[in-house]
Amino acid sequence: MSVRVRRVYEPPEPDDGVRVLVDRLWPRGLSKDAAQVDEWPKALTPSTELRRWYHAGEASFEEFRRRYEAELADPEVAELLDHVRELAGKGAVTLLTAAKVPEESHAAVLARLLGA
């Protein structure tokens, strides 16, 4: 499986494969044409409550990761994760996020669960 994480603001690259936006909100100041997003499974993103809690700056990434993985166990969300896993089984998948530090974001958690 080939899964990687990139900032959505970076220009698309030929080896991106399927480009999956993993943010709940559309990135500010970015047109849909420029983003070249193939899929946008909004329900795969952390809940609003979890996202706000983590961005308040009082939580560690490890605690965020643990809580987010618990949310990903929901059957409807797990189905979306399986879909992205199937895409990765067929070729390259790039998880796109607007997070300033993608390595400490939900996209990194997803990439790890997808076997990146």
Requested in this report: Looking only at the range 59-66, decide whether some residue is farther than 13 Å from L95 by Cβ, in contact with an Asp or Glu (Cβ under 8 Å, 6 or more places away or on another chain), modelled with pLDDT under 95 and of a type in the set (F, W, Y).
Outcome: yes
Query raised in the report: Looking only at the range 82-102, which residues are more than 20 Å from A35 (Cα to Cα) and either crowded, with 16+ Cβ neighbours inside 10 Å or in contact (Cβ under 8 Å) with a residue 40 or more places away in the chain (or both)?
Result: H83, R85, G89
Report summary line: All conditions in (1) over 14 Å from L110 (Cβ atoms); (2) surrounded by fewer than 17 Cβ atoms within 10 Å (Cβ to Cβ) are true of A43 except (1)
Requested in this report: Answer yes or no: is there a residue in the range 27-43 that is modelled with pLDDT of 95 or more, β-branched (V, I, T), in contact with a helix residue (DSSP H, G or I) (Cβ under 9 Å, 6 or more places away or on another chain) and outside any strand (DSSP E or B).
Outcome: no
Query raised in the report: Could you say which residue among E71, E76 is surrounded by 15 or more Cβ atoms within 10 Å (Cβ to Cβ) and over 13 Å from the mean Cα position of the chain (by Cα)?
Result: E71
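The values are calculated or read from the model by the stated rules, or taken from the named source; none is laboratory data. Keep in mind that what you see is a predicted model, and the values were worked out from it rather than measured. Every residue, glycine among them, receives a Cβ derived from its backbone with ideal geometry; neighbour counts consider all protein chains shown.
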